[in-house]
1. Tell me the net charge near Ala79. Cut-off is 15 Å between Cβ atoms, Ala79 excluded, with +1 for each Lys or Arg and -1 for each Asp or Glu.
2. For a 27 Å ceiling on Cα separation, which of these pairs sit above it: Lys167/Lys361; Lys243/Lys293; Lys137/Lys157; Lys101/Lys293?
3. What's the longest uninterrupted piece of the chain once you rule out the GluC sites (Glu not before Pro) that are loop residues per DSSP with at most 16 other Cβ within 10 Å?
4. Scale the Cα Rg of the chain by the rule-of-thumb value 2.2 N^0.38 Å and send over the ratio, two decimals.
5. Just how large is the dipole of the stretch 3-50 about the Cα centre, in debye to the nearest 20, putting +1 at every Lys and Arg Cβ and -1 at every Asp and Glu Cβ?
6. Given the C-alpha centroids of the stretch 327-406 and the stretch 54-118, what is the distance between them in whole angstrom?
7. In percent, what relative contact order does the chain have, based on Cα pairs under 8 Å that are 6 or more apart in sequence?
8. Quick check: the angle from helix 348-401's long axis to the longest principal axis of the chain, C-alpha only, nearest 10 degrees?
Amino acid sequence: MIQPYKYKAYNAKGRAVRGVVSAANEADLYNQLKSSGMELVSCSPVQKESALGGLSIMRPKIKTRDLIQFFMHLEQLQAAGVPMLDSLADVRDSADNQTLKDIMTDVHRSVFDGASLSESLGNYPKVFTSLYVSLIKAGEDTGDLEKSYTQLIKYLKWVDDMQTKIKKATRYPTILLVVVILTIVVMMGVVVPQIVGFIKNLGQELPFMTTSLMATSEFFQEYWWAVLAAPIVLFITYKTIRKGSEGFAYTMDSWFLRMPIAGVLIRKISIARYSQTFGSLFSSGIDVINCLKSAKKTVTNLALIEALETVEARVQAGAPLSQAFNSSGEFPTLVIRMIKIGEESGNLTPVLMQVSEFYTKDVDEAVQGLITMIEPMLTALLGIMILWIAAGVFGPIYASFEHINI
């Protein structure tokens, strides 16, 4: 019975290597590590949920930058003419991420047993997506793996750059939103209740601002658990219904796209990712249909996926790529015109890269526009909240001065 083993071994350079490998028994594990150039020191079986393919949250996550370094290392070794098995062993031994190191141990063994690199990487779809596997397979078929590595590095750098820009752009609004929420919670749950008793003892009719403030504060004190739990419950409910009903998911995705500003941003980010993926695959020599299918997997919005399926169907029916994109209704006229020029000139690859650059710049502008709108809105919300509390608290106090006889 095949089961995962946690092991410690020494590689050919004398460095300690730890990881998890599936084997029939300890002897099989020893032979696997021996074939990979490692000497087994100790091992122990582990539970499947704690193994490499499980869902353990304790294992370090493989980030985009880990994959960039991984493919850059392979590219350099490939350019230097280092044999595949030696390259994989070197990448395995030099990997800083333990999860990636464990995966490379298994990939090295798989390639040693006769599998191709694309097949071996395909055993880990959560790490190496179909896009990565397709590009590697294209390099194997054409005998130019170095070009595939270069395309993957370029694509992953684009993804990492896009993620970094979005994180930086949303950092300040996120902090401001947290400040607003904390201010509301502290004021309503701590500050206002301490003043309420004094206001009630004034013995006068309270204005609406004060009564609404007191009611809100009492609600926070009484149902604080509901206030905290409501967003979590709503999120879980939404995810559950979405997972169980494709119609609901499609309706919500269509509604998201129709949102005034966020919908435009969702559309642009999705199409930018789609265009970049399609361009990377096409420039590697993969046929158009497979490029369209793989690129479609990078889009998560069901309404957009349906539109992109229209593109795929039109191309399969024999329509030019420009006409197919035009029929989807998701690509602007400028992009359609650029693709048509590329088709007519027989030089489509650089045009697709220009389309990707077009959408990348478009996304940057859309993100900045959204942030520019969110920041003053949150600031205004915080200001209104403070004014409401000030009016509700100090209004009755100032009014009581009018009844004092001097």
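1. So the environment of Ala79 carries a net charge of -4.
2. Violating the 27 Å limit, Cα to Cα: Lys101/Lys293.
3. My reading of the result: 1-204 is the longest stretch.
4. Rg over 2.2 N^0.38 Å, computed on Cα atoms: 1.36.
5. 240
6. The stretch 327-406 and the stretch 54-118 have Cα centres separated by 40 Å.
7. 14
8. 20
Only the coordinates and a few stated rules stand behind these numbers; no lab work does. Just so it is clear, the model here is predicted, and its values are computed rather than measured. Every residue, glycine as well, gets a Cβ built from its backbone with ideal geometry; the counts of neighbours run over all protein chains shown.
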